[in-house]
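A.B. asks: The structure under discussion is supplied below as structure tokens; questions concerning it will follow.
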Amino acid sequence: MTGSHKTLILGIGNVLLQDEGAGVHAIQMLAERVAGRDDIELMDGGTLSFSLAGAIEDAERLIVIDAAHYDGEPGTTKVFVGEQMDTFIGSNRKCSVHEVSLIDLMAIALLAGQLPQQRALIGIQPQTIAWGETPSPPVAAAIHQACDQALQLIEEWRA
């Protein structure tokens, strides 16, 4: 760990499948909001690949934003912190176009002894995973909330 207190915000999803792309859309929105901050690294994780394992291992803090099925109303967000995140992603292997799952990447970091102690998943309940490049209206609104929640987490972790 570098001691730099840098937080990696990783947005994952497929922007060709409407709400599945929520995490990537969030990264695009955050880029403007955190411009000039050297304590935050934004990464478009797309549909995930093993190449992201190194970035997760190098992060002191990790926030993942992704579409997540947790039986909420479409467009609601839910924050899973620490072990809650581990439990949720371990028990909720969603069907997706991801090459690897988030739990696979987290396991690699854990095995390397580099799993960020401060970590969270901000899940956005999708409405539709149909072909399309823009999120549904409730998910588009939730992306703003997810960005706010990510920045709030960073502030809480600093305290």
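Every read-out reported here was derived from the displayed coordinates using simple, explicitly stated rules and does not represent laboratory data. The shown structure was predicted, so the numbers you read here are calculated from the model rather than taken from an experiment.
A.B. asks: Quick one: among Ile63, Ile108, Ile27, which has the greatest mean-square fluctuation in a GNM of the chain with alpha-carbon springs under 10 angstrom?
C.D. replies: Looking only at Ile63, Ile108, Ile27, the biggest GNM fluctuation is shown by Ile108.
A.B. asks: Mean-square fluctuation check for the chain, GNM, Cα pairs under 10 Å: which of Ala120, Ala31, Ala68 is largest?
C.D. replies: In the Gaussian network model the winner is Ala31.
A.B. asks: Which one, (i) 41, 32, 24; (ii) 58, 31, 30; (iii) 75, 32, 23, gives Cα extents along the principal axes in Å as derived from the coordinates shown?
C.D. replies: Checking each listed value against the structure points to (i).
A.B. asks: What does DSSP give for segment 7-158 in terms of the percent of beta bridges that are antiparallel, rounded to the nearest 5? Let's see the in-between values first.
C.D. replies: Working: 5 of 24 bridges.
For segment 7-158, the DSSP antiparallel bridge percentage is about 20.
A.B. asks: Right, another one. If I fit a long axis through the Cα atoms of helix 22-33 and take the longest principal axis of the Cα atoms of the chain, what angle between them do I get, 0 to 90°, rounded to 10?
C.D. replies: Around 60 degrees separate the two axes.
A.B. asks: Against the longest principal axis of the chain, how steep is helix 102-111, in degrees 0 to 90 to the nearest 10, with axes from Cα atoms?
C.D. replies: Compared with the principal axis, the helix lies near 10 degrees.
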